[in-house]
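Reading through the structure tokens given below for one structure.
The values are calculated or read from the model by the stated rules, or taken from the named source; none is laboratory data. Note that the coordinates shown come from a computational prediction; the quantities given were computed from them, not determined experimentally. Because the Cβ atoms are built from the backbone with ideal geometry, glycine has one as well, and the counts that use them run over all protein chains shown.
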Amino acid sequence: MRDIARPNNDTLYIGCMLDLRKDPVILEIPAFDSKYVSLMVTGYDHYVNVPMSVTKGDFRKPENVLFYTARTEDYDGKSVKGVDRVFEMTGDFVSAVFRIMPHANEKARFEKIIGQMQSVKAMTLSEIQGKPAKAINDVQFPDVGQTDLDVYGNNFLEVMQFVVNHTTFDPNDELDKAFLAALKPLGIEPGKTFDKNSAVPIDGKRFRSIAEKVRESEFARAMDPAVTAEHGQSMFKTKGQMSLDILLMQSVIGPIGLPATEALYPPVTTKDGQPMNAQNDYVIRMGKGEMPPAKAFWSLTLYDSANGFFIPNDRKKYSVGENAGMKGNADGGIEIYIAAERPKGVPVENWLPISRKDEKMDAILRIYWPDLEKMKSWTPPKAEKLTKK
């Protein structure tokens, strides 16, 4: 998995892109036999909405959920026969992502969940009403290059004009007002058509350089345990619930995480304060009373620091947890080893293999459906460097 940095190794995904310009889109969703399921939706404004989750008692019965925006043609938010919920989005183009704990170590349950996932459907309102789906091939997306930095260097104003034309802004929201006010001197306003011949000239090379520095600094903040401890529960929220400082950091890493009510992502640092390096082996110990306070489940995943990818190994073992496999101690605790070779007596489920080389590593805990009250007094474990014999 190299499309998203630091992907999880815990849940299966269903992802779909919804085009809401011409027609509302309805997701037909089954009941799920899983400890954890959530539906996350987000648009160009990078706010995160979770309209459905097991934490709210959802996914116990089949439901049809309709999505639309203020610009969706021929629809004004009214109830529709056969639709259980109606959800207004701020963006015409929506990323909808289901996360489903697959219970991979329970074969029959796993197969049942796979079948439930395969029954999820997306249909337009026209199709639900027995009419042909409306054509949506008239949109002209601007070129976005290979990375976000390409946009800053090549055609930032063109992309921003497209974004504001397909996003709903709240006239009473301070961040929305500030965003539009910053773009207005550059000739970017909702409803306008971009004309490169009359566009305000900007220094793309310098703009890209500044954007790259911001990306590096914000990404470093996102991986700083002190920042995570202070702001971890303030990220991945809806409009009106986030500061500009946190929204900037979230936009850099991507609106791909869940709010604290759904999941928390505390990093595991070392006892000696030095970055983990594959030249050494490590152990992470948690006693019975030190286990992550998860109402659903938890996991620990290992990545290379440079790219945020899983560390390749013959066993394809990238995480320790209920789905990837783990074996607790008799006293209810656990010891997780990060090592080039499995230490004698260590359960294979608790061993994360690495290659012996000069490579910095990150370990991230994921706590699904965290007990936020217990989280107030819980602290992540520390990785202890093992002495070479």
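Some observations on this one:
- Among the residues listed as G328, G321, the single one being surrounded by fewer than 16 Cβ atoms within 10 Å (Cβ to Cβ) and of a type in the set (G, A, S): G328
- The condition of being farther than 28 Å from G130 by Cβ, charged (D, E, K, R), over 22 Å from the mean Cα position of the chain (by Cα) and surrounded by fewer than 20 Cβ atoms within 10 Å (Cβ to Cβ) holds for only one of R71, R21, R85, R60, that being R60.
- Of the residues K376, K316, the single one that is more than 16 Å from A294 (Cβ to Cβ), surrounded by fewer than 19 Cβ atoms within 10 Å (Cβ to Cβ) and assigned by TED's automatic domain parsing to the domain that holds A294 is K316.
- In the range 183-204, the qualifying residues are those that are surrounded by 10 or more Cβ atoms within 10 Å (Cβ to Cβ) and in contact with a Gly (Cβ under 7 Å, 6 or more places away or on another chain), and the one that is nearest to T167 (Cα to Cα) is A199.
- Evaluation of R366 against (1) among the charged types (D, E, K, R); (2) in contact (Cβ under 8 Å) with a residue 12 or more places away in the chain; (3) not in a strand (DSSP E or B) (one fails), failing number: (3)
- Taken as a whole, the range 199-214 holds at least one residue that is polar (S, T, N, Q), more than 30 Å from Q274 (Cβ to Cβ), at pLDDT 90 or above and outside the structural domain of D92 (by TED's automatic domain parsing).
- For F236: the one exception among (1) in contact (Cβ under 8 Å) with a residue 40 or more places away in the chain; (2) out of contact with any Pro (no Cβ under 8 Å at 6 or more places or on another chain); (3) of a type in the set (A, V, I, L, M, F, W, C): (2)
- Of all residues in the range 369-389 being not in a loop (DSSP other than H, G, I, E, B) and not aromatic (F, W, Y), the one that is farthest from P312 (Cα to Cα): E373
- Members of the range 179-217 found to be touching a helix residue (DSSP H, G or I) at 6+ places or on another chain (Cβ under 6 Å) and either aromatic (F, W, Y) or assigned to a loop (DSSP other than H, G, I, E, B) (or both), listed by number: I188, P190, F194, A199, V200, F207
- Residue ID - surrounded by the most Cβ atoms within 10 Å (Cβ to Cβ), chosen from residues in the range 115-149 that are part of a helix (DSSP H, G or I) and touching a residue at least 24 places away in the same chain (Cβ under 8 Å): L125
- Criterion violated by T11 - all others in (1) buried (at least 17 other Cβ atoms within 10 Å of the Cβ); (2) over 10 Å from F98 (Cβ atoms) satisfied: (2)
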